[in-house]
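The values are calculated or read from the model by the stated rules, or taken from the named source; none is laboratory data. In this text, all values refer to a predicted model and were calculated from it rather than measured experimentally. No Cβ is skipped: glycine too gets one built from the backbone with ideal geometry, and neighbour counts run over all protein chains shown. Note: areas computed on protein heavy atoms with side chains; ligands, DNA, RNA excluded. Shrake-Rupley method; radii C 1.70, N 1.55, O 1.52, S 1.80 Å.
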Amino acid sequence: MSVESAGRPSEAKVVFYNDPRVRSLFFQLILLALIVALFWFAYDNTVTNLKKRNIAQGFGFWNVEAGFDISQTLISYSAASSYGRAFWVGLLNTLLVSFVSIVLATILGVVIGILRLSKNWLIAKLATVYVEIFRNIPLLLILYFWYRGVLGLLPEPRDSIKLPGSIILNTRGLMMPRPVLADAFIYPLVVFVLMTIASIALVWWAGRVQERTGIRPKTGWLIAGLMVLVPSIVFIVSGAPLSFDVPVQGRFNASGGMTLAPEFVSMVVGLTTYTAAFIAENVRAGILAISKGQTEAAQSLGLSHAQTVRLVIMPQALRVIVPLLNSEYLSLTKNSSLGVSIGYPDLVSVFTGTVLNQTGQAVEMVSVTMLVYLTLSLLTSAFMNWFNRRVALVER
Amino acid sequence: MTTSAETHFIRSTFKEPIAPPMRTSGAIHWLRENLFSSPLNTILTLVILYFLYSIIPGIVDVLIIKAVWVAEDSKACVADVVGHPVGMCWGFVGAHWGYFVFGQYPEHLRWRPELFFALEGIGLAWLLIQRIPRKDLGMIYFFVVFPIVAFFLLSGSTTLGLEVVQTHYWGGFLVSIVIGTVGIVISVPLGIILALGRRSHMPVARSSSVVMIEFIRGVPLITVLFMANVMFPLFVPEGWRPDSLLRVLVGVALFFSAYMAETVRGGLQAIPRGQYEAAQALGLGYWQMMIKIILPQALKIVIPGIVNNFIGLLKDTTLVAIVNIFDFLKVIEASLNDPVWRTSGMPFAGYLFAAIVYFILCYGMARYSMSVERRLATDHRH
């Protein structure tokens, strides 16, 4: 054995089954074969089983008359509408409840997260108690609690609870005034949009001036005037084209106004109270992630407490909070599928529930439902990633 | 020198001592600092104290003082029968205790689920309590021995002389714990494999892991349960007829494997490159490197994350109620419809009991995970 061959074993001496590339190829082939075999097994059995049970395949059902009613519809729908229409009704209901809950949960969550950091011991402890309770109880239980526990105790329509602002609460749900827009409402609306654009331009201009001269022009009152005063004047001049259809307490039920079904109210309250606890934790984690040195540096520069929070802490904390919020929003949207448990007609309840029971086409229904959530997830992540890039740290 | 007497002054008496600084310790200082630091804080504190003062006695009254602790049927909890207003009807929980814990598991065989709970407790304590040695044996016990024993113990086997109990008799807390345990026992190893696959250099392994993880994480658990319930029977030959509990178990285990994989991946990414390179320099193969060097460190880092996954898993086991598995929540629901117990106040007692049980379990785990986090945290940020 020469010294060279011991020091540098030539390629040829490695037996082929010890060559990492060959091994890797071999294992991957096995894995691929296993996956293909598994899918083939499932596909083959499914086809046979479906034939045996006489279940139709494909999406022929999409245009067939559904024949069932849905309690809450955002678009026109009746029992004579098609299954496809029912799908859109369910999807819109899912989006509606998710959107409303996301907005409310963010507000509540941010407030509680900040309260948890309060210097007042009592406030901080109360916020902690809220967070710990709602984080450690299953969402389904919270939904049941609101739906069967709290809303179940609401009175019959004839002894409804009347809240200020013509809001009526009974077993049929929450009734409140419905805004009625006259045609002339377009004028104040257009003016409001224009004023908003003007205000944004003003803020941008103020930023430019500040960068050039170091002094920020005072724009607060001007913006308030533009956004509130001008549209209000236009609103009055154009003859106050907004009225409210107020619900009126009848003998058996209230009429008029706009009714929020108890299922919808429970879903929103349940999802909001549950998710707010998680958002509060994220907000707190984000603020705590900023090192004390940042606060101290800001204070030594002479910034006030409010300025420190607004200009130093929050921009940095948002970088931590935004990705965390992203995943909370996603899980809230996915959690809205629990509507099926209390009869809220969301996508899962309508499509994987009622339509599946009527047609028996399990594969199509479950696949379509999963695909919808997958798309929603991917779209939300894409949007949040874009937003995240905008607030991300610019490394120098 | 007369001028020096005018320009110099020497105090001949002691000045009055100034008052000592405000207390910087003790109860008074704490109150001043934390409750009454500013006028606004003082007002807030007083408002909150008044609020607590006005609701706490009522809550204590309803939950404890006026509650009915022992009851045969709903009559014992009706105000007109008792003669005074009643609070929570805890007697309802007491009367259904056996049903809540075991479901319809035959009464004379209930020592078996009880033994199962004990064995599970031993396994968890072994793995989670730091001071108990031989974690390697603990892993083998919890992930291999215990599941096999538990399977025969709960479902029975004629060859072992244990009466067979069909799964549709199982119910209550037992089923929740069974689902949670199977979820843990399968999702941890499967999650590790998926995480390794996702970081593998083999394109097929990587892409199949990524697709599976992202797909499962993109859909709600309830759709996976529906899939397991209605599609799984179609995927297998007709004669197999998978048991309804088994279907749900497969769904839950797969679902949580994806989440576990992402947690484990976080740990794998936190291990410095030098560890991989050192292992390779020692001539270790891929599996030796992973099992002996990388995974022990990576898993230790992600213990808090894994425990948090367990909390999510335990909370999400309640969803199986939607596909008609009689878990803890579902048996409570079912007992609310019990004709002997139909009164309007009952749901509160049932749901509140469930909430307290879940809270104790989840909060306990959360505290545990926080204590591990503190033990592992060696950097001093603040």
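Remarks
- Top-ranked residue of region A:39-62 - restricted to ones that are among the aliphatic types (A, V, I, L, M) and in a helix (DSSP H, G or I), ranked as farthest from the other protein chains (Cβ to nearest Cβ): A:Val47
- Considering each residue of region A:164-181 in turn, none proves to be more than 14 Å from chain B (Cβ to nearest Cβ), farther than 22 Å from A:Pro247 by Cβ, open to solvent by 50 Å² or more (accessible area, probe 1.4 Å) and touching a residue at least 40 places away in the same chain (Cβ under 8 Å).
- Listed conditions (1) more than 14 Å from chain A (Cβ to nearest Cβ); (2) under 30 Å from A:Arg21 (Cβ atoms); (3) free of Cβ contacts under 8 Å to residues at least 60 places away in the same chain are all met by B:Ser155, apart from (2).
- Test: B:Ile193 is at negative phi, out of contact with any strand residue (DSSP E or B) (no Cβ under 7 Å at 6 or more places or on another chain) and facing chain A (nearest Cβ under 8 Å): no
- Test result for B:Arg367, open to solvent by 10 Å² or more (accessible area, probe 1.4 Å), without any contact (Cβ under 8 Å) to a residue 60 or more places away in the chain and under 21 Å from B:Gly267 (Cβ atoms): no
- Residue pairs whose Cβ atoms lie under 6 Å apart, sitting 6 or more positions apart in sequence or on different chains, and linking a residue in region A:356-370 that is facing another protein chain (nearest Cβ under 10 Å) to a partner that is open to solvent by 10 Å² or more (accessible area, probe 1.4 Å) and aromatic (Phe, Trp, Tyr), are A:Val366/B:Phe226.
- Annotation: A:Phe68 fulfils all but one of (1) within 21 Å of A:Thr259 (Cβ to Cβ); (2) more than 24 Å from the chain's Cα centre (by Cα); (3) without any contact (Cβ under 8 Å) to a residue 40 or more places away in the chain; the unmet one is (3).
- A:Met1 meets each of the listed conditions (1) at pLDDT below 80; (2) part of a helix (DSSP H, G or I) apart from (2).
- Any hit, region A:69-77, residues being in contact with an Asp or Glu (Cβ under 6 Å, 6 or more places away or on another chain) and not hydrophobic (A, V, I, L, M, F, W, C): no
- The residues on offer are B:Leu162, B:Leu137, B:Leu153, and the sole one that is exposed (fewer than 15 other Cβ atoms within 10 Å of the Cβ) and more than 23 Å from B:Leu313 (Cα to Cα) is B:Leu137.
- Filtering region A:311-323 to residues that are over 11 Å from A:Ile290 (Cβ atoms) and open to solvent by 60 Å² or more (accessible area, probe 1.4 Å) leaves only A:Leu311.
- When A:Arg148, A:Arg135, A:Arg158 are checked against the criterion of being basic (Lys, Arg), more than 25 Å from A:Arg284 (Cβ to Cβ) and at pLDDT 80 or above, a single residue qualifies: A:Arg148.
- Residue match in region A:150-161 (condition: away from chain B (no Cβ under 14 Å), among the small types (Gly, Ala, Ser) and under 27 Å from A:Tyr344 (Cα atoms)): yes
- B:Thr317 falls short on exactly one of the conditions (1) among the polar types (S, T, N, Q); (2) touching a helix residue (DSSP H, G or I) at 6+ places or on another chain (Cβ under 8 Å); (3) surrounded by fewer than 17 Cβ atoms within 10 Å (Cβ to Cβ), and that condition is (3).
- Pairs, first more than 8 Å from every other protein chain (Cβ to nearest Cβ) and more than 17 Å from B:Phe353 (Cα to Cα) in region B:317-342, second outside any strand (DSSP E or B) and acidic (Asp, Glu), C-beta under 6 Å, six or more apart: B:Val340/B:Asp73
- Filter result (of a type in the set (A, V, I, L, M) and facing chain A (nearest Cβ under 7 Å)) within region B:215-250: B:Val219, B:Ile222, B:Met227, B:Val230, B:Met231, B:Leu234, B:Val236
- All of (1) within 14 Å of another protein chain (Cβ to nearest Cβ); (2) modelled with pLDDT under 90; (3) surrounded by 16 or more Cβ atoms within 10 Å (Cβ to Cβ) hold for A:Ser81 with one exception: (1).
- When region B:63-119 is filtered for residues that are in a helix (DSSP H, G or I), within 20 Å of B:Val178 (Cα to Cα) and touching a residue at least 24 places away in the same chain (Cβ under 8 Å), the ones remaining, listed by number, are B:Tyr99, B:Phe100, B:Val101, B:Phe102, B:Leu109, B:Arg112, B:Pro113, B:Leu115, B:Phe116, B:Phe117, B:Leu119.
- One residue stands out among those in region B:204-214 that are more than 7 Å from chain A (Cβ to nearest Cβ) and not small (Gly, Ala, Ser): the one that is nearest to A:Phe26 (Cα to Cα), which is B:Arg206.
- Checking each residue in region B:266-281 for being exposed (fewer than 10 other Cβ atoms within 10 Å of the Cβ) and modelled with pLDDT of 90 or more picks out B:Gly274, B:Ala281.
- Residue check, A:Phe145 in a helix (DSSP H, G or I), more than 14 Å from every other protein chain (Cβ to nearest Cβ), surrounded by 18 or more Cβ atoms within 10 Å (Cβ to Cβ) and in contact with a Phe, Trp or Tyr (Cβ under 9 Å, 6 or more places away or on another chain): no
- In region A:279-335, the residues that are within 12 Å of another protein chain (Cβ to nearest Cβ) and at positive phi: none
- Residues of region A:98-136 that turn out to be open to solvent by less than 20 Å² (accessible area, probe 1.4 Å) and either more than 9 Å from chain B (Cβ to nearest Cβ) or in contact (Cβ under 8 Å) with a residue 24 or more places away in the chain (or both), as a count: 8
- Scanning region B:198-253 for residues that are assigned to a loop (DSSP other than H, G, I, E, B) and open to solvent by 50 Å² or more (accessible area, probe 1.4 Å) turns up B:Arg199, B:His201, B:Met202, B:Arg241, B:Asp243.
- Count of region A:209-247 residues, restricted to those that are open to solvent by less than 60 Å² (accessible area, probe 1.4 Å) and basic (Lys, Arg), is 0.
- When the residues of region B:330-347 are filtered to those that are within 17 Å of B:Asp80 (Cβ to Cβ) and open to solvent by less than 40 Å² (accessible area, probe 1.4 Å), the one that is modelled with the lowest pLDDT is B:Met346.
- Test: residue in region B:289-301 that is within 13 Å of another protein chain (Cβ to nearest Cβ), open to solvent by 30 Å² or more (accessible area, probe 1.4 Å) and free of Cβ contacts under 8 Å to residues at least 12 places away in the same chain: no
- Contacts under 8 angstrom Cβ, first residue in region B:224-249 being at negative phi, partner among the hydrophobic types (A, V, I, L, M, F, W, C) and not in a helix (DSSP H, G or I), 6 or more apart: B:Pro242/B:Val236; B:Ser244/B:Ile325; B:Leu245/B:Trp170; B:Leu245/B:Ile325; B:Val248/B:Ile325
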